[in-house]
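Peer 1: Input: one structure, supplied below.
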Amino acid sequence: MSDSCIFCKIVAGAIPSKKIYEDDLVLAFLDIHPQAPVHALVIPKRHIVCMDDLEEADRELVGHLLERTAHVARLLNVAQNGYRTLINTRAHGGQEVDHLHVHILGGARIGPMVCR
Ligand code: AMP
Ligand code: ZN
């Protein structure tokens, strides 16, 4: 846990969230500033800053995170029509919260990926 990390505070229950799914390893909740009709985040409960911090020892956790992301998308009823998953890494990737998270965007056709 990082004392300054907003997502660690959500995991600890110190900041409220609209929880969708939780188990021992991961937590899913609605994004506070939705960029699509359905916008959720799935995070490891352990504080991992970004993709670049992943190590071989994290393989099982990452597999679980991705499989549970698919589960959460089904819970949110976006799986059948489809959705976009997104992981931003550091400044050029547009990462604003330094705790690894998978975005689920759905509920409408998500626009093309753009560089600007
Ligand atoms: P990223 O730019 O990939 O780091 O995405 C961070 C996401 O976290 C943004 O979509 C924010 O809207 C979202 N976010 C920030 N604070 C909160 C919060 N307290 N609860 C839910 N989502 C949040
Ligand atoms: Zn954290």
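Each value in this text was obtained by applying a stated rule to the coordinates, not by laboratory testing. All of these numbers come straight from a predicted model, not from anything done at the bench. Counting neighbours? That spans all protein chains shown, and the Cβs are built from the backbone with ideal geometry, glycine included.
Peer 1: Need the full-extension length gain, Ala14 to Asn81, defined as separation in residues times 0.36 nm minus the C-alpha distance. One decimal, nm.
Peer 2: 20.7 nm
Peer 1: Would you compute, from DSSP H runs of 4+ residues alone, the mean residue ellipticity of the chain at 222 nm, taking -39500 (n - 2.57) per run and dividing by the full residue count, rounded to the nearest 500?
Peer 2: Value at 222 nm, helices only, nearest 500: -7000 deg cm²/dmol.
Peer 1: Here's a follow-up. Would you kindly state how much longer the chain becomes between Glu55 and Tyr21 on full extension, computed as 0.36 nm times their sequence separation minus their alpha carbon distance, in nm to one decimal? Spell out each step's value before the answer.
Peer 2: Numbers: separation 34, 0.36 × 34 = 12.24 nm, distance 2.49 nm.
Fully extending the segment from Glu55 to Tyr21 adds 9.7 nm.
Peer 1: Can you compute the FRET efficiency between His33 and His64 using 1/(1 + (r/R0)^6), with r the Cβ-Cβ distance and R0 = 22 Å? Round to the nearest 0.05.
Peer 2: Values: r = 27 Å, r/R0 = 1.21.
Computed FRET efficiency for His33 and His64 comes out at 0.25.
Peer 1: Can you give me the C-alpha center-to-center distance between segment 5-22 and segment 39-75, rounded to a whole angstrom?
Peer 2: Going from one Cα centre to the other spans 15 Å.
Peer 1: Once both axes come from the Cα atoms, what is the angle between helix 59-75 and the longest principal axis of the chain, in degrees from 0 to 90, rounded to 10?
Peer 2: For helix 59-75, the angle is close to 40 degrees.
Peer 1: Calculate, axis by axis, the spread of Cα positions in the chain along the three principal axes, and write the results as whole Å, longest axis first.
Peer 2: Ordered largest first, the chain gives principal extents of 36, 32, 28 Å.
Peer 1: Could you run the Debye sum over the Cα atoms of segment 1-65, one equal point scatterer each and no solvent, and tell me log10 of I(q)/I(0) at q = 0.13, 0.17, 0.25 Å⁻¹, two decimals?
Peer 2: Debye curve over Cα of segment 1-65, log10 I(q)/I(0) at q = 0.13, 0.17, 0.25 Å⁻¹: -0.37, -0.63, -1.19.
Peer 1: While we're looking at this one, here's another question. In segment 48-111, what GluC sites (Glu not before Pro) fall in a loop by DSSP, with at most 10 other Cβ atoms inside 10 Å?
Peer 2: Numbers: sites: Glu55, Glu56, Glu60, Glu67, Glu96; in loops: Glu55, Glu96.
Answer in residue order: Glu55, Glu96.
Peer 1: Using the 10 angstrom Cβ neighbour count as an exposure proxy, how do Met51, Met113, Met1 rank, fewest first?
Peer 2: Placing the least packed residue first, the sequence is Met113, Met1, Met51.
Peer 1: Going by how many other Cβ atoms sit within 10 Å of their own, how do Leu66, Leu41, Leu76 line up, fewest first?
Peer 2: Leu66, Leu76, Leu41
Peer 1: Using Cα pairs closer than 8 Å and at least 6 residues apart in sequence, work out the relative contact order for the chain, in percent.
Peer 2: 29
Peer 1: In nm, to one decimal, how far is the modelled label at Thr89 from the one at Ser4, with both set 7 Å along Cα→Cβ?
Peer 2: A separation of 2.3 nm, rounded to one decimal place.
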